[in-house]
1. Would you pick out the residues in segment 46-97 that are under 15 Å from the mean Cα position of the chain (by Cα), of a type in the set (Ser, Thr, Tyr) and over 30 Å from TRP252 (Cβ atoms)?
2. Determine whether ALA200 is crowded, with 24+ Cβ neighbours inside 10 Å, over 21 Å from ALA130 (Cβ atoms) and at pLDDT 85 or above.
3. Answer yes if at least one residue in segment 272-293 is buried (at least 23 other Cβ atoms within 10 Å of the Cβ), closer than 16 Å to ASN177 by Cα and either out of contact with any His (no Cβ under 6 Å at 6 or more places or on another chain) or without any contact (Cβ under 8 Å) to a residue 40 or more places away in the chain (or both), and no otherwise.
4. With over 21 Å from GLY88 (Cα atoms), buried (at least 24 other Cβ atoms within 10 Å of the Cβ) and modelled with pLDDT of 70 or more as the only criterion, which of GLY190, GLY236 stands out?
5. Suppose we filter LEU105, LEU139, LEU135, LEU68 for residues that are at pLDDT 90 or above and surrounded by fewer than 23 Cβ atoms within 10 Å (Cβ to Cβ); which single one remains?
6. Checking MET302 against (1) in a helix (DSSP H, G or I); (2) over 19 Å from ALA130 (Cβ atoms); (3) in contact (Cβ under 8 Å) with a residue 40 or more places away in the chain, which test does it fail?
7. Go over the candidates LEU231, LEU212, LEU218 one by one and state the one that is among the aliphatic types (A, V, I, L, M), surrounded by 22 or more Cβ atoms within 10 Å (Cβ to Cβ), modelled with pLDDT of 80 or more and within 16 Å of the chain's Cα centre (by Cα).
8. Residue under question is ALA119, and the condition is that it be buried (at least 16 other Cβ atoms within 10 Å of the Cβ) and on the phi < 0 side of the Ramachandran plot; does it hold?
Amino acid sequence: MSAPAPSSSPAAALRYTLRRTVGLLIVMGGVAAMAHAIWHDLMGREPAVAQAWAAGWMAAAATALGTLPVWFSSPPSDRTRDVLMGFGAGVMLAASVFSLIVPALDAAADLGHQGWMRAGLVGAGLLLGAGLLMLMERLMPHQHFIKDEPARGRGGNGARPRQQRLWLFVMAITLHNLPEGVAIGVAYGGTDAAQASALATGIAIQDVPEGLVIATALVAAGIHRLPAVLLGAASGVVEPIGALGAAWMMEWSTMLLPWGLAVAAGAMLFVISHEIIPETHRQGHEVQATTGLMVGFVLMMMLDTALV
C-alpha cells in the first residue's frame, strides 16, 4: 500500500499532503467527467437507465462522504459505530419492504398473477436473491468488516499478510454494496420515478454511516488513513455499475420486473441479517443498535410514503 507521509519536517509533510490532495481531486474530476458523459449519452436514448446511473453515483458519493471523518478525526467509538450500522440496517430493511417487496407484489398483479401465484413468485424471488448472495459469499474469499478483524502486527503471529487482508476487505465491500446498486437499477428500470427516488434517497442516507464503518474497519486492519478513505470511497463505485446493469435488464422485458424487485430485496435482506445485525450486537450494544435500527426504519418508511 502507499507509504506513509514523510515526517522529516512539517513543511515536507504539508507538501506531501497537498500533492496527494491535488492528485485525488484530479482523479475525482476525471471520474465525475466520465460519469457525466455517460449520463448525457443515456438521457437521449434511455432516460430511466440514465436516472439509475445518476442515482447510483449519488449513493457512491454518500459512501465517499461517510469516509471523510476518518481522514480528519479519530474513528468513532464501538458504541457509536454500532448505532450507525443499526441505523443503516433499519433504512435498508424499510427500503426492502416498501420500495422493493410491495412494488414486486404490485408488478406481479399487473402481469395477471393473483393469490398464491403472486405471493409465490415474489417469495421465490426473495429466496433466489438471498441464495445468490449466499453462494457468492461461499465462492468469493472475503473478510467481514470487524468481527474477523486480524490481530495487529507482523511476523509469525498468524496474522494475514497486509495485501491479502486488503483483498479480503475489498471482496467484502463488493458483496455488501452490490445489492444496493442492483436495487436502485431495478427500481428506476421498472417502478415509477417517485418510488425509485425514495429508494435511492434511503440507500444514500444509509451509505453515509456505511462509508464511515468501512473506512474505520480498513484503518483497524492496519491500512493508513488516506488509503483507507480512498478505498472506502472507491467501494461505492460498484453501486452505479450495479444500477446501470440492473436498469438495462429491466428495460428488456416487463416480465422481469417482479423477479428483479424481489431478488434485489432478498439480497438486501441477506446482508442485513447475515452481516449488519450480528455485527451490531457483537459487543453488547444491542439496545443502542436496535434503537438506531428503529429510527432508520421509521425514517425510510416516512420518506417512502411521503415521496410516493
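1. Passing the criteria: only THR67.
2. Values: crowded, with 24+ Cβ neighbours inside 10 Å: yes; over 21 Å from ALA130 (Cβ atoms): yes; at pLDDT 85 or above: yes.
Considered against the rule, which asks whether it is crowded, with 24+ Cβ neighbours inside 10 Å, over 21 Å from ALA130 (Cβ atoms) and at pLDDT 85 or above, ALA200 comes out as yes.
3. Yes: one or more hits.
4. Numbers: GLY236 fails: over 21 Å from GLY88 (Cα atoms).
One residue alone meets the criteria, GLY190.
5. Working: LEU139 fails: at pLDDT 90 or above; LEU135 fails: at pLDDT 90 or above; LEU68 fails: at pLDDT 90 or above.
Criteria check complete, one pass: LEU105.
6. (3)
7. On the way: LEU231 fails: surrounded by 22 or more Cβ atoms within 10 Å (Cβ to Cβ); LEU218 fails: modelled with pLDDT of 80 or more.
Of the residues listed, the single one that is among the aliphatic types (A, V, I, L, M), surrounded by 22 or more Cβ atoms within 10 Å (Cβ to Cβ), modelled with pLDDT of 80 or more and within 16 Å of the chain's Cα centre (by Cα) is LEU212.
8. On the way: buried (at least 16 other Cβ atoms within 10 Å of the Cβ): no; on the phi < 0 side of the Ramachandran plot: yes.
Considered against the rule, which asks whether it is buried (at least 16 other Cβ atoms within 10 Å of the Cβ) and on the phi < 0 side of the Ramachandran plot, ALA119 comes out as no.
The values are calculated or read from the model by the stated rules, or taken from the named source; none is laboratory data. Treat the numbers as computed from the prediction; the structure is a model and nothing was measured. All Cβ positions, even for glycine, are placed from backbone atoms using ideal geometry, and neighbour counts span all protein chains on display.
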